[in-house]
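Peer 1: Just dropping this structure here.
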Amino acid sequence: MSKHTWNDVHMVRTGKSLLKALYGAIGVFVVLFVLFHIGGALYVSSIATKASTAFQSGIADDLAYLKKQGDAVAENELVAKYLLAKDSENLITELKKEKDARNIGLMGVADSEGVVIGRTRTSGRRGDNVFLTTPLGRVVANGTSVESVESTSGFDPIQIFLSTGRPIMHQGEMIGALFSNYLADDAYAVRFKKTYLSPGTEILFYRKGVGIYGDSFADPETRNLINSYFNSGSLWLQGENSGKTISLRDGTFYLVENIIFPGLEQSPGGALLFIPRKDISSVANLTTALVTLFVFIILALCYHVRFRREEKGWRYRVTLLLVSIPIFSAVIIALYAQNIGFLKLTHIPYPLYNSTLRLQPEFGIYDTDFEQRFSIVVDTGDENINAVEAGLVFDPSAVTIKALDTANSKCSYIIENSVDSLLGKAKIACVIIKSGGERGSLTIADVVVVPKHPGTFTLSFDKENTKVLANDGLGTDVLRTAQSGSYRVDAFDASLSTTGTTKTKTPARSFVVFSPTHPNESRWYNNDTARFVWKGKSGAVYKYEFNTSADTIPSSAHTVQNNSVEIPIPGDGIFYFHLQLAAGGPVAHYRIQRDRTPPSIVAINLSTDKVVAGDVVRVSFEGEDAGSGIQKNYYVDLGDHLFLPIGSELFVPFLSPGDQKIVLRVYDSAGNFSEKFKIIHVENPQ
């Protein structure tokens, strides 16, 4: 037998046999690839359905448990006794015993008029009317039990919670209402995950358009990353995104399912389920590549053994190895390339500016007999902060600010704490001393308010004296918006709803108006319709008007006999709802502000639109809005389909060659937005 060489006829035949084996292996890979994706689609559908079903079942179980325990507490004779006596101290003590014994998150009790008498968590906050201001309260006011997931001002407005409401009966009459709740905070998210969800699945609860309230992620860095990307301007938190795959900093891939809570009247928010995708992993890709390689080698060897036995020796083995390596590499590259399109949350590409200031609660209806506390809260959004300055303006003829109480403050050092009752101004400034600054929802102070008479009053943030400074060494003001609060005080007494008699030193009341769609009279909204409810005399007929005048006396053109009405809003601007008994008497006026017109993006200015990879581009923005006003900061998408908050300018490096899009989103104070984009041409360095 002649000696083999690299280019003899035998090796040519070997090459052809390997080529045939390659074709077979490619066919096997294509089949595996298609089956892999079909199986992956079925797998994704299966885990999404399983996780969603488990979640819905868990929520239903917890609501059922709250209902059962709430029914038992509502029948507690001591609760009824203390409620009738308006003995808040003993009532709260008894509620805390029941809460602990029954493993309920928190509880609260209101009297027959809906005025809160006691709460287990914030026992000092009483006097707000939940029958008017909360969806659950409006149902329970009619003597009906109810369960739902809500986010309202009844207990704390920024919170989202599972809640049940039950009437408290005594001798056949409704003497009040009991509310029992689970706050959807971090602790609840962790418990819910362990109890109801499959291993590895994470959960976060969010309030629509506001932000994340609780999540189950254990790693602090991951939690910060999640909070930054899933911010108040994120489409995820608007309920528009679902069923997409993302990967986190540890390389784990998750299918994110967005489950929206319907709420009794409108959606309060929802939950995002992070479901591990075990089909996307290095192990899965390596297994597929090895199977393809194994098939190729088997086909090659079988063909060789059967038809080309004379082609033995080391040259054949080397050739087989040299062909196998690129096949294996190509398969691995092809498998990993399919994961490039998934969103990867690894780090924040630039400093974020998204802090907000608010009053908690920002609206409510309160009894004149109770001193009230409204917390000044800063939501740091996505940056560490180390200083806050908040100036408030109020009407000294309507209320007295007794103090700015810092007992519950997160401030380390108070720079200024002043109240000027004559000018109607208050101010607090403080430093937050902590390594790395502080982030989250932080209480700065409690505003202790004493109403002087029934009516509506506003606590407004003074723009000139309100700032949030970042812990960036520059003292950058990162405040995006500060939301003022609007409140109504009145004399709530059961006798006033039936006989019209007077309370000591307080004029008689015939009704109190509230708008669930526009609860804060100082805030701008973008609703198409306005709904108004009121607590008044049973069976009474009312006449109403809806116009742009602040003090209209309604004619008889529009009348209603029940305790609510829904009215279409004819355009943008400030409108007033006027309500009066058909028989005459006092007129109630309620103001709403509506803005449906998106803001204008005046300009996106680039330092240059043609750069070399690695260069930094300075981008500045400018927007305006003639209605509710522009929000101070903007949102930018740099191609990852997630909008991140920034200030009025941005310095961003472009590392990859090609055309890259910058999308700007500008919001006004009513939540409307506009978008505009610019293209950056990035070239390879010479």
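Peer 1: About its Cα centre, how strong a charge dipole does the stretch 350-500 have in debye, to the nearest 20, once Lys and Arg get +1 and Asp and Glu get -1 at the Cβ?
Peer 2: 140
Peer 1: Moving on. Note the full-extension length gain between V30 and L78 as 0.36 nm times their separation in residues minus their Cα-Cα distance, in nm to one decimal.
Peer 2: Result for the pair: 10.0 nm of gain on full extension.
Peer 1: In whole angstrom, note down how far apart the Cα centers of the stretch 75-129 and the stretch 650-686 are.
Peer 2: Using only Cα atoms to place each centre, the spacing works out to 53 Å.
Peer 1: Quick query: amide H of G269 versus all other amide H atoms, modeled in the peptide plane; which residues come in under 5 Å with a sequence gap of 5 or more or a different chain?
Peer 2: Residues meeting the amide H criterion: K208, F261.
Peer 1: Given contacts defined as C-alpha pairs under 8 Å and at least six residues apart, what's the relative contact order of the stretch 350-500, whole-number percent?
Peer 2: Relative contact order comes out at 36 percent.
Peer 1: Mark the label point 7 Å from the Cα of D472 along Cα→Cβ and return the residues of the stretch 644-686 whose backbone N is within less than 15 Å of it.
Peer 2: Residues passing the 15 Å test: 644-653.
Peer 1: Can you give me the relative contact order of the stretch 622-664 as a percent, contacts being Cα pairs under 8 Å and 6 or more apart?
Peer 2: Normalised by residue count, the contact order of the stretch 622-664 is 39 percent.
Peer 1: I need the shape label for the stretch 510-594. Rule: rounded when a/c is under 1.5, else prolate if a/b > b/c, else oblate, with a, b, c from the alpha carbon gyration tensor.
Peer 2: Verdict is prolate for the stretch 510-594.
Peer 1: Return a whole-number percent for the relative contact order of the stretch 75-183, with Cα pairs under 8 Å and 6 or more residues apart as the contact set.
Peer 2: Result for the stretch 75-183 is 25 percent.
Peer 1: Right, another one. Counting only DSSP beta bridges with both residues in the stretch 350-500, what percent are antiparallel, rounded to the nearest 5?
Peer 2: Antiparallel bridges make up about 85 percent of those DSSP assigns within the stretch 350-500.
Peer 1: Suppose R0 equals 30 Å; then what is the FRET efficiency for N90 and I433 from their Cβ-Cβ distance, rounded to the nearest 0.05?
Peer 2: With a Förster radius of 30 Å, E is 0.15.
Peer 1: Can you give the FRET efficiency for Q238 and I298, using 1/(1 + (r/R0)^6), R0 = 41 Å, r = Cβ-Cβ distance, to the nearest 0.05?
Peer 2: 0.20
Laboratory data are not the source of any read-out in this text; all were calculated from the coordinates shown. What you see is a predicted model; the values in this text were computed from it and never measured. Note: ideal-geometry Cβ built from the backbone for every residue, glycine included; neighbour counts use all protein chains shown.
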